[in-house]
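Okay, structure first, notes after.
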Amino acid sequence: MNYKHIEEKVKSEIEVLAGCKIADSEVKIFKAGILDSLNILNIMVFIENEFGIKIDPFDINLDTLGSIRKICEYIDAKEAD
Amino acid sequence: MSTALDFLAKDSQLPLISNKGTTLTQRSFKELVERLAANLAKDNRLCSGETVLLHQDDPIEFYALMFALWENGNRVIFPTSHIMLEPSSLDFFQFSISCRDNETAVAENPDFQEGILPGYGNSVIFSSGSTGPPKGILHYHHHYYDNARAVRQRVLEHGTTSLIFLKPYLVSAISHFLVHYLTDSHLVFENFNEVHTSTPLFDKYRTMGIVGSPIHLSSGLQFIPPECQPRYFFSSGDFLPGICTKRILTNFPETIVYHVYGLAELAGRFFMHRINLNTPSNQYESVGTEIEGTRFRCTDGELFVKADFLFKGYIKEGTFVAAGEWHSTQDIAENRPSGMFLFGRSNDEIKVLGNKVSLKRIENQIRTALNRETAVIVATPHPSFGTILSLIFDDPGDVTRAEIISALRATLKPHEIPHQYLTMHHLPFTASMKIDRRKIAEQIDTLIPLP
């Protein structure tokens with residue numbers, strides 16, 4: 001899956017969970033209060049189910065999945081493995 | 001202490017119970033019980049309080065045998081043919097009994113082990129095991145009568161006919177039968193899988209009510225001809241969602257909805273709420289007030305009950321544990337001025353990212369938020385993330401997961417938002433028509449995700 005396609009899917013999911021549009025992929029979704037930190041589990045299950053990736057929970061935290069861009073880079077890197 | 005035949009003191013020709021075209025009146029039912037009890041009394045093997053497993057699918061013969069065994073002084077274990085039991089739970093009965101064409105057949109149990117049951121109590125009923133291993137609940141038979149008499153005080157209808165889809169050996173069904181007897185009413189058993197054939201019954205009994213689980217009420221609703229006016233819908237066995245009550249009252253504005261909370265440990269009902277069109281809709285989900293003879297308290301949000309007809313103990317995995325004076329129902333409850341509200345079970349609480357979640361409570365919130373009668377929440381372990389929540393629909397229609405999440409965000413806390421949204425076309429049910437979450441969890445990886 002190309003990066004643009006990944007970004008579209010991730011952005012759409014984050015916007016659904018947040019209930020608002022996110023114009024900037026760099027914005028800190030947890031630190032800015034767009035998502036509650038407890039929603040990280042929704043994002044992790046979404047990534048596994050949607051992209052067929054097995055997430056190692058030690059790989060990630062609120063920072064490594066802290067923005068749409070970081071989530072997409074994580075998925076992109078995992079898909080390349 | 002009253003005997004079984006003391007309870008069956010009426011001698012009228014009013015119809016009492018029907019199944020598969022056979023109807024017995026109060027008098028003919030009593031005569032059948034007397035005949036069966038006389039047969040049992042002649043059997044030398046059953047003369048001194050022996051423990052008997054009652055195997056009978058036919059509801060008329062089941063209830064007649066139940067009363068006959070009690071009248072004969074036997075201890076009765078309610079049948080288990082539809083309930084999975086641990087083999088170790090099954091060795092404490094001396095005989096099993098069934099009935100065909102009003103004749104009894106008694107068989108000895110070669111594996112009988114003495115010493116599990118205490119020297120008191122004369123009926124053991126097994127739970128369906130929907131929330132754990134099945135357990136036998138020890139009562140005296142008069143507990144069932146006493147509970148039914150207390151319920152009878154709260155049922156204003158008299159001389160009615162009701163359709164019931166429950167298996168006869170469930171506590172809910174026994175309670176319905178006894179209350180129908182006390183109110184000179186008529187209980188018509190029907191196989192739930194043949195609900196579509198019930199329409200002629202509604203043609204015959206234009207005001208026939210429906211009694212049973214919420215699934216039974218909502219399924220039965222679509223088969224009631226519009227010209228009929230059911231006098232009541234009596235919910236039992238599981239939480240009745242407010243949306244279900246609303247739909248019933250919209251279709252039949254003259255009807256009554258009994259929202260009832262029962263406990264096998266009380267041999268019947270505990271709280272009852274009589275709802276009609278004038279009841280404020282924010283009170284539909286209240287289970288009302290306690291029946292006479294029971295006392296309750298809420299400690300740390302958990303509901304406890306005390307009653308003369310409270311059970312005497314559990315038989316679980318081959319051992320007996322005596323009941324205390326107060327019994328914890330393990331329900332999370334709040335007693336408000338408008339009645340008791342239940343918010344799930346303390347033993348269905350799980351932790352998601354360290355936060356407590358009551359599955360039943362959020363399931364009810366989800367059903368209300370999505371305006372759906374059937375949406376099931378199931379918790380399953382994830383190999384890396386701990387517990388995750390899946391929301392299961394039997395018929396999701398055109399709705400997308402994005403639309404569902406949007407609707408739930410306003411109602412649920414962040415950690416309560418389900419993580420997966422799946423379709424299971426045929427939801428599994430337990431014998432008592434509760435949704436079988438364990439079976440869903442076992443099949444979760446094979447279910448189809450919503451787009």
Practice task
State the number of residues belonging to segment B:360-391 that are among the hydrophobic types (A, V, I, L, M, F, W, C), over 23 Å from the mean Cα position of the chain (by Cα) and either over 22 Å from residue B:287 (Cβ atoms) or surrounded by fewer than 16 Cβ atoms within 10 Å (Cβ to Cβ) (or both).
Solution key: 6
Completion exercise
Of the candidates B:309, B:320, B:296, B:341, the one satisfying the condition of being within 27 Å of residue B:435 (Cα to Cα) and aromatic (Phe, Trp, Tyr) is B:341
Exercise for the section: Could you tell me whether segment B:121-142 includes any residue that is polar (S, T, N, Q) and modelled with pLDDT of 95 or more? Expected result: no
Problem - Selected residue (criterion: nearest to residue B:368 (Cα to Cα)) from residues of segment B:407-434 that are free of Cβ contacts under 8 Å to residues at least 60 places away in the same chain and polar (S, T, N, Q) - result: B:411
Exercise for the section: Output yes when any residue across segment B:430-445 is more than 9 Å from chain A (Cβ to nearest Cβ) and in contact with an Asp or Glu (Cβ under 7 Å, 6 or more places away or on another chain), and no when none is. Expected result: yes
Completion exercise
Scanning segment B:408-421 residue by residue, those more than 7 Å from chain A (Cβ to nearest Cβ), crowded, with 20+ Cβ neighbours inside 10 Å and either over 33 Å from the mean Cα position of the chain (by Cα) or not in a helix (DSSP H, G or I) (or both) turn out to be B:418, B:421
Completion exercise
In the set B:440, B:405, the lone residue that is touching a strand residue (DSSP E or B) at 6+ places or on another chain (Cβ under 7 Å), outside any loop (DSSP other than H, G, I, E, B) and of a type in the set (Val, Ile, Thr) is B:440
Handout entry: Pick from segment B:365-381, criterion part of a strand (DSSP E or B) and among the hydrophobic types (A, V, I, L, M, F, W, C), ranking: farthest from residue B:399 (Cα to Cα)
Key = B:379
Practice task
State whether one or more residues within segment A:47-56 are of a type outside the set (D, E, K, R) and at pLDDT below 90.
Solution key: yes
Practice task
Kindly provide the set of residues from segment B:224-248 that are closer than 21 Å to residue B:157 by Cα and of a type in the set (Phe, Trp, Tyr), ordered by number.
Solution key: B:232, B:233, B:234
Handout entry: Output for segment A:28-39, where each listed residue is small (Gly, Ala, Ser) and either surrounded by 18 or more Cβ atoms within 10 Å (Cβ to Cβ) or assigned to a loop (DSSP other than H, G, I, E, B) (or both)
Key = A:32, A:33
Completion exercise
So, first residue among the polar types (S, T, N, Q) in segment A:40-57, second residue assigned to a helix (DSSP H, G or I), Cβ within less than 7 Å, six or more apart or across chains; the pairs are A:42/A:17
Handout entry: Answer from A:79, A:13, A:8 - the residue that is part of a helix (DSSP H, G or I), at the interface with another protein chain (Cβ under 9 Å from one of its Cβ atoms) and either among the charged types (D, E, K, R) or surrounded by fewer than 18 Cβ atoms within 10 Å (Cβ to Cβ) (or both)
Key = A:13
Exercise for the section: Considering only residues that are polar (S, T, N, Q) and assigned to a loop (DSSP other than H, G, I, E, B), look in segment A:40-67 and name the one that is farthest from the other protein chains (Cβ to nearest Cβ). Expected result: A:67
Problem - Selection from segment A:16-39 of residues that are more than 8 Å from chain B (Cβ to nearest Cβ) and among the β-branched types (Val, Ile, Thr) - result: A:22, A:27, A:29, A:34
Completion exercise
Flagged in segment B:280-323 as surrounded by 14 or more Cβ atoms within 10 Å (Cβ to Cβ), of a type in the set (Asp, Glu) and either modelled with pLDDT under 95 or in contact with a His (Cβ under 9 Å, 6 or more places away or on another chain) (or both), in numbering order, are B:285, B:302
Exercise for the section: Confirm whether residue A:25 is part of a helix (DSSP H, G or I) and either at pLDDT 95 or above or of a type in the set (Ser, Thr, Tyr) (or both). Expected result: no
Problem - Boolean, residue B:362 is β-branched (Val, Ile, Thr), under 17 Å from residue A:46 (Cα atoms), within 14 Å of chain A (Cβ to nearest Cβ) and not in a loop (DSSP other than H, G, I, E, B) - result: no
Practice task
Would you check which residues across segment B:344-359 are surrounded by fewer than 19 Cβ atoms within 10 Å (Cβ to Cβ) and either assigned to a helix (DSSP H, G or I) or polar (S, T, N, Q) (or both) and list them?
Solution key: B:346, B:347, B:355
Handout entry: Among the candidates B:344, B:386, residue that is modelled with pLDDT under 85 and within 14 Å of chain A (Cβ to nearest Cβ)
Key = B:386
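The values are calculated or read from the model by the stated rules, or taken from the named source; none is laboratory data. None of the values given here were measured: they were computed from a predicted structure. Using ideal geometry, Cβ is built from the backbone for each residue, glycine included, and neighbour counts are taken over all protein chains shown.
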